Every structure is written in structure tokens, then in C-alpha cells.
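Heads up: the structure comes next, in C-alpha cells.
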Amino acid sequence: MLSVAAQLLLCSCCLPAAAALKFLVVPMPGDNSPVLDIMSVAAQLQSRGHTVIVAADPAGAAFAKMAAARHSSNTTAEAMQYITLQLEQQYTLDSMVERMASKVKGSFSKSKLTGIKLLLQLQEIMVQPCHAILKNATLVQQLRALEADAVMGMALPGSDPTGDSCGCMLSHALGIHSVVVNGCPLLQAPLNVPQMGTGNTPQDLSTAKGFAKNLAVWSLHQAAPLAIELIGSPWLKARRDLGLPRVLSQCPLVNAVAWLRRQAAASCTPVVETALTSWLLEYPRPLPPHQVLVGPGSPRAAHVISQPDVAAFLDSAPAGVVLMATGTTPQPRIALNQKDILELAAGFAELAPVRVLWPLKQRALPDGLKMEYLPLGENTLVVPWVDYNDVLGHPNTRVLVSHGGYHSVYEAMFHAVPVVGAPFQFEQEGNLHKLAAKGMAVMLPDSAAIRKHSNDTFQRQQVADTIRQVLDNPSYAAAAQQLSRALQAYSRARSPYERAADEIELAINARKAQQEQLLVRNQPQSRSRDKQEL
């Protein structure tokens, strides 16, 4: 099937060259991976002569500028226009962690509902800065005066990009198109495709047990949007307060409820959604017309490690290094307890002489646990931050212990580093099961997403034994090497961020051309009649 860009190109091949476009980008708050993705695509569009306007608070603008330069240049990042949003409340990653932790404290349980709870809480938090922007009439007028062609939005991790979001609300409020850069895509799967959270492979679906499990989770996925609609989503509440139209759901069950459908007046389906994932990981399935897979954007050739202590630690590790990576979300603090962290530290110590690099901040630790309480071995180095991609590209890095987020999984695949999975929630578990089916990953027992009992925790011996299994068995590294060759070849041909910019550019130009042709057809025929009379 042709991609969105290819189909639109065929439709617009006879049209004159399009003028430069103008894009409004409002990244989500915080220093997180989705912001890196959307700003990297924005940098590609800026470098092609289009205008990119970034609206963010001071802290967000600084991170957005850094993110834009990561896969392009400082010159391109500086060339973008930045509008500073002066909001009454600052929405930083630290503040979001605090709010999310306080909301789930006491009610959080280690179950299959973990991911749903976290996603609902994330949506409640993320709607707040968007609501604050649109509630400010002066700011809305300023954004409308920009006369942008499209809002570049980002899907929340684990959410459906055709559902409501800040980008969709902005596009409706400003009366312009929307496009989505989706760095953490959950591709919709029909019943004949393994459902996320089941752990099924395509072979499992031929068994009664595997099919029954798939059917149960598929039914849950279909019912969840209806439950959210009936309860009242935070986006719907914000729309009511702002006077914006209700959104038509993409869920068949929601549309089957007649009174809900009568209230729907708008759609959040973007002109195009660029999903930053690859068929190397995803199971084959049909895609909706607006969606195109462009490949994972975050992996790149490794740069020199900027921190001297980390560089020395990696360079002087003849037995190899294990990287522990849990992403940029608050999930470790929420999904793990004190004993989990203590057992991980003790398990890492047993791996000596293999070294362990552990990026960890105090804010990621469960309440009451301090850094100095961790039983760290001499083989373990804890640092506040490292560039995962650059560490994974170091020749001495042998294993990644990961929660299973898209970015870390694909960076490990790109650099041929096998993975030990420790997922916090269902979509991360799904990523790791797919990676395990490829032969380059194994799941850590008693990980938060797969625990049978809420009081289960990691066990230090299991931690050490599972990592040794991957270190000592060359089949994991061989499978990773095979996938790495394929992913690197794809990226060399054209980078995923360039492909995403291609799709967005062509989709918006074609949509504008369609609108212009429609206007021409609807023009009164008075001029032609006047000419005939003359």
C-alpha cells in the first residue's frame, strides 16, 4: 500500500510548486523523549525553508531548542521562532511527577490496570497547560495572528492520536489543520493480530488459549474508550469550559451510543500521523489512511561521551557494561517500591567484574528512600543522567536493562545491544515481548507489569541470573546484530525524521491544494456569463 505522502503526491503532481508553510508547535511540558521527536521533525521542516514557531514556557523553550539541535544543528534550532508562554503555573517534569505520584498514592496496585491508571492520570495532568493556554484570550489571539498552516501535535505516550489532545484542541480553536508526530505509537490491532499486553506471538493465536487471551484483551481495548467517554474525559471537560466542539470518537462502541454521537461535532483525526516505529518490531497489520510508519528517529551514530567520569567508567571495563535505563517518565517512583530498588542494586553488585551504569535521580526513587541507602557494589556507577544512545553505541556496552519504552528499545536495536526487560506497564511489556520474539530480549521475572501479586518484588538473585543469561548466551547478541544491520540500512537510506517531514510537507500541501480547487469550483459563474453576453 502506498504511504500517505505517495498517495497525495499522485493527486498533486500536476499542481504548481507550493509556497513555504508555517507550523505552530506546542510541545508537552518537561524534558522527555516525545519532545525530542517533535522538535527533530520541526528542525527538518525549518531547514527546508518552512517557518516553525514554538510556543512554550521558558523552561520548555530551552529544552525544545536543545532537542531541535540534537539531530540537526544549533543554527537550525536558533532560526526557529519562539513564543514564551507566561502561564500562572509552571509545568515542569518535576512538578508533573509530584502531581502524578500524589494522585496514585495509596490507590496504585501492580496489575494489568496499571497502565490504564497511569495513562488516565497523565491525561488529567497534560490537559492543564493546554487549558491554561486556550483560556487566555490574549494569547489565543496572538497565536491566531500567526496564521499558521498547521499545528504540529504530539500523541501522549500510549494514547490514540485520533483521540483528543492539546494539538487537536489548538487546531479547533485556531481553525487550522493538525498533524501528529507520534514517538510512542500504539498501533491499533485487529483481532487476528497479537494484542498489546497479552504476550502473544502470531503462532500463539492458533491455539485455543492464545486466541482466548487475545479476544479478552481486544475486548478490553474496545470497551476502554467507551468507559472513558461515559465517565467523562478531562479533555471533554476542558472543551466544555472553553466552548470548543465535542470530538467524534474513533471507537465503534462509542459511536454506537446514539446520544454520544449526536453531541459529536468535530474530528481529531490529523491530516497525517507520522508514527516513529518500524515493521522490524511491529507485527503486520492494516493502517488507517492518515497513518504512516517512518521508522524510529531517536537512534543515531554514537557521539563521544561528554561526561569524563562516565567515559572513563566505560573505557576501562574489559568485562563489559550493563546499562540500566528507565526513561524520562515518573513510572519508577510510582510502579516500584523501596525493596524493588534495593534488590536491583544488590543484584547489580553480584555481576562484578561486569560493570553497571545506572542513571538515577532522587526524584525517581520511592518516597522515603535516599540514594545513600542503596547497597551499591564497587562495579556500579550511579549518575543523574547519560545519553542512552551514546552509551549503547560504546563498544563495551553489552546489555541494556530497560523498562521497554520505544526509544530505548530501538536505540538498543540500532546498536546491537540485547535487552533484559523490566516493564512498568502494558505497552512496554508488549514492546519487550515483540523484541523477545525476535530473539534479542528476555523478561526480568517479577517486573511490575507482569506481577501476579501486588506484594511481589524483584529478587537480587533473579536479577543477576537473568542478566548473566543474556551476557553468557551469544544467541541474544547475534539476533541483535541481525536487526541492527536492517535498521541501520533503513536509516542510511533516509533518516526517519526526514521521512516524517516529507509526509507532513506533502500532506499539508495537498490538503491546501484540494481546498483551493474546491473554492474555485464554488465561485459564482457571473463572470463567465458576463463574458458570454458581451
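The values are calculated or read from the model by the stated rules, or taken from the named source; none is laboratory data. Quick caveat: nothing in here was measured; it's all calculated off a predicted structure. Quick reminder, even Gly has a Cβ in these numbers, built from the backbone with ideal geometry, and neighbours come from all protein chains shown.
For Ala352, the requirement of being of a type outside the set (Phe, Trp, Tyr), surrounded by fewer than 22 Cβ atoms within 10 Å (Cβ to Cβ), at pLDDT 95 or above and part of a loop (DSSP other than H, G, I, E, B) is met.
Conditions tested, residue by residue: (1) in a loop (DSSP other than H, G, I, E, B); (2) outside the structural domain of Val151 (by TED's automatic domain parsing); (3) at pLDDT 95 or above.
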residue: Asn455; (1), (2), (3): yes, yes, no
residue: Thr466; (1), (2), (3): no, yes, yes
residue: Ala477; (1), (2), (3): no, yes, yes
residue: Ala480; (1), (2), (3): no, yes, yes
residue: Gln514; (1), (2), (3): no, no, no
residue: Arg529; (1), (2), (3): no, yes, no
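Among the conditions (1) at pLDDT 90 or above; (2) over 21 Å from Ala449 (Cα atoms); (3) part of a helix (DSSP H, G or I), the only one that Val254 does not satisfy is (1).
Those residues that are over 16 Å from Ile450 (Cα atoms) and either modelled with pLDDT of 75 or more or part of a strand (DSSP E or B) (or both), I need them from region 328-337; list them, please.
Here is the first cut: in region 328-337, the ones over 16 Å from Ile450 (Cα atoms) are 328-330, 333.
Listed by number, the list holds a single entry, Arg333.
Of all residues in region 217-251, those that are modelled with pLDDT under 65 and touching a Phe, Trp or Tyr at 6+ places or on another chain (Cβ under 9 Å) total 0.
Count of region 38-76 residues, restricted to those that are more than 21 Å from Gly167 (Cβ to Cβ) and crowded, with 23+ Cβ neighbours inside 10 Å, is 0.
Being buried (at least 21 other Cβ atoms within 10 Å of the Cβ), in contact with a helix residue (DSSP H, G or I) (Cβ under 8 Å, 6 or more places away or on another chain) and modelled with pLDDT of 95 or more: is that true of Val442 here? Considered against the rule, which asks whether it is buried (at least 21 other Cβ atoms within 10 Å of the Cβ), in contact with a helix residue (DSSP H, G or I) (Cβ under 8 Å, 6 or more places away or on another chain) and modelled with pLDDT of 95 or more, Val442 comes out as no. Regarding Ser495, is this residue surrounded by fewer than 20 Cβ atoms within 10 Å (Cβ to Cβ) and within 30 Å of Met152 (Cα to Cα)? Yes; evaluated as a whole, the condition is true for this residue.
Here's the yes/no breakdown for (1) of a type outside the set (A, V, I, L, M, F, W, C); (2) in contact with a strand residue (DSSP E or B) (Cβ under 8 Å, 6 or more places away or on another chain); (3) closer than 30 Å to Leu506 by Cβ:
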| residue | (1), (2), (3) |
| --- | --- |
| Pro185 | yes, yes, yes |
| Pro190 | yes, no, yes |
| Val193 | no, no, yes |
| Thr201 | yes, no, no |
| Ser206 | yes, no, no |
| Asn214 | yes, no, no |
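Here Val292 meets each of (1) modelled with pLDDT under 95; (2) surrounded by 23 or more Cβ atoms within 10 Å (Cβ to Cβ) with one exception, condition (1).
Listed by first and then second residue, the pairs linking a residue in region 378-395 that is assigned by TED's automatic domain parsing to the domain that holds Gly347 and closer than 11 Å to Ala325 by Cβ to a residue that is surrounded by 19 or more Cβ atoms within 10 Å (Cβ to Cβ) and of a type in the set (S, T, N, Q), with Cβ atoms under 6 Å apart and 6 or more places separating them unless they lie on different chains, are Tyr388/Ser408; Val391/Thr397.
What helices (runs of 4 or more DSSP H) lie completely within region 15-124 and have 1 or more residues being at pLDDT 85 or above and either of a type in the set (D, E, K, R) or farther than 16 Å from Val181 by Cβ (or both)? Can you show your working first?
Details: elements: 33-47, 58-70, 74-79, 93-104.
Those helices (runs of 4 or more DSSP H) span 33-47, 58-70, 74-79.
Residues in region 136-148 that are in contact with a helix residue (DSSP H, G or I) (Cβ under 7 Å, 6 or more places away or on another chain) and either surrounded by fewer than 20 Cβ atoms within 10 Å (Cβ to Cβ) or not assigned by TED's automatic domain parsing to the domain that holds Thr84 (or both): 3 in all. Residue pairs whose Cβ atoms lie under 6 Å apart, separated by 6 or more positions or on different chains, with the first residue in region 319-345 and in the same structural domain as Gly404 (by TED's automatic domain parsing) and the second in a loop (DSSP other than H, G, I, E, B) and modelled with pLDDT under 85, are Thr328/Asn32.
A quick yes/no check of all residues on (1) surrounded by 15 or more Cβ atoms within 10 Å (Cβ to Cβ); (2) over 25 Å from the mean Cα position of the chain (by Cα); (3) not in a loop (DSSP other than H, G, I, E, B):
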{"residue": "Val180", "(1), (2), (3)": "yes, no, yes"}
{"residue": "Cys184", "(1), (2), (3)": "yes, no, no"}
{"residue": "Leu187", "(1), (2), (3)": "yes, no, no"}
{"residue": "Pro190", "(1), (2), (3)": "no, no, no"}
{"residue": "Thr198", "(1), (2), (3)": "yes, no, no"}
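Among the residues making up region 365-393, those that are surrounded by fewer than 20 Cβ atoms within 10 Å (Cβ to Cβ), part of a helix (DSSP H, G or I) and not aromatic (Phe, Trp, Tyr) are Met371, Glu372.
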